[in-house]
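Undergrad: Below: one structure in structure tokens.
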Amino acid sequence: MRVPPIDFTRREAYLVAAGPRSSTGYDLRIVRVQDVGDHVVVVIRERTPSLGDPVQARVTYPFRLITLP
């Protein structure tokens with residue numbers, strides 16, 4: 001996966017990573033982003049696969065990269 005160019009003079013980048021997971025099927029979803037004074041609150045929800053989901057047994061590293069003005 002290639003990271004798109006980011007204009008760091010106008011945007012800040014935030015990387016959220018869950019760490020290693022034992023199979024495919026894990027996903028991170030951004031629920032909410034809030035500007036709270038001098039910091040940013042990012043709420044993330046991790047989706048885990050159910051027993052019936054078609055997944056592959058291999059190590060994955062789910063992440064989300066977002067940029068904000």
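The values are calculated or read from the model by the stated rules, or taken from the named source; none is laboratory data. As the structure is a computational prediction, the values presented were derived from the model and not from experiment. With ideal geometry, Cβ positions are generated from the backbone for all residues, glycine too; neighbour counts draw on all protein chains shown. Note: accessible area is taken over every heavy atom of the protein model, side chains too, but ligands, DNA and RNA are not part of it. Shrake-Rupley method; radii C 1.70, N 1.55, O 1.52, S 1.80 Å.
Undergrad: What are the pairs with Cβ atoms under 7 angstrom where one residue, in segment 1-28, is under 27 Å from H39 (Cβ atoms) and open to solvent by 80 Å² or more (accessible area, probe 1.4 Å) and the other, located anywhere, is outside any loop (DSSP other than H, G, I, E, B) and not aliphatic (A, V, I, L, M)? Sequence gap at least six, or different chains.
TA: R11/T67; E12/T67; L15/F63
Undergrad: So which residues in segment 19-66 are under 18 Å from the mean Cα position of the chain (by Cα) and more than 25 Å from V3 (Cβ to Cβ)?
TA: Matches in segment 19-66: S22, T48, P49.
Undergrad: Taking segment 49-63 only, how many residues are surrounded by 11 or more Cβ atoms within 10 Å (Cβ to Cβ) and within 13 Å of S22 (Cα to Cα)?
TA: So the answer is 4.
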